[in-house]
Amino acid sequence: MNSQNMSIISLVLHASWVVQLVMLLLLGVSVASWAAIFRKLFALKRVKTLNEDFEREFWSGTSLNDLYAAAAQNAKQAGPMERIFASGMREYQKLRERRITDPGTLLDGARRAMRASFQREMDVVESSLSFLASVGSVSPYVGLFGTVWGIMHAFTGFAGVEQVTLATVAPGIAEALVATAIGLFSAIPAVIAYNRFARDIDRVATHQETFIEEFSNILQRNLGAQPASTGHTASGH
């Protein structure tokens, strides 16, 4: 390959097989990363919409029993917050059916059920984040490995050449540097997406934890116990 023909495609085609393998691996990882980014983008948007819809219904004055019945019927299409609510109500009603009347036991049982459901929901919401973090941290080093290997290969080819000029060295080095460029192309979007999604997921978690506390206070008031300190009220609850 001469220095006059140094397009990206030519550089990739003339690279050593190890560098080509690294490039192919990084391109595959980049495609998988973009697929994960779009899946997570739509999934988080759906979670936010479902949570907002349920919270609007929750504070509209609908009775807890009606909300629980609707959540049970709509279990497959329900959002995380609605499933958390259903878990708490289910445990609360089971304890009441066992003729347990102690307010502390009823509240602790409902809160534990909601906390367990909260953890399950967050595990689902946080899926794919570890993959994006791995892509963002590892891809540049994989690309760097391809670059180092390519440069070693290029200089090895000049071992028997008496006079080496920049024109003869440049193509081999350029081929190797493409691997680093592809590594950065894979890593940068993954890092940006990871930071964006981590911030959004933290907001979702805070929102759901706040709901758990508010719902616990409503149950506490319904049991006739001293309400915990909170600035939220629910008309009709």
Legend entry - Where chymotrypsin sites (Phe, Trp or Tyr not before Pro) fall in DSSP loop in the stretch 35-125, at most 15 other Cβ within 10 Å: TRP59
Inset, instruction - Kindly write out, for the stretch 35-40 in residue order, the coupling ³J(HN,Hα) from the Karplus curve 6.51 cos²θ - 1.76 cosθ + 1.60 (θ = phi - 60°), rounded to whole Hz, with x marking Gly and Pro. - result: 4, 5, 5, 5, 4, 5
Inset, instruction - With a 1.4 Å probe and every protein chain kept in, tell me what percent of the accessible surface of the stretch 174-218 is carbon plus sulfur. - result: 63
Inset, instruction - Give a quick list of trypsin sites (Lys or Arg not before Pro) in the stretch 41-81 that DSSP marks as loop, anything other than H, G, I, E or B, with at most 10 other Cβ atoms within 10 Å. - result: LYS76
Legend entry - Full-stretch length increase - SER137, PHE42 - with 0.36 nm per residue and alpha-carbon distance subtracted: 31.8 nm
Legend entry - Size of charge dipole - the stretch 96-149 - debye, nearest 20, with Cβ of Lys, Arg +1 and Asp, Glu -1, no other charges: 300
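The values are calculated or read from the model by the stated rules, or taken from the named source; none is laboratory data. Every value quoted in this text rests on a predicted model; they were computed, and no experiment measured them. Virtual Cβ from ideal backbone geometry, glycine too; neighbours counted across all protein chains shown. Note: areas computed on protein heavy atoms with side chains; ligands, DNA, RNA excluded. Shrake-Rupley method; radii C 1.70, N 1.55, O 1.52, S 1.80 Å.
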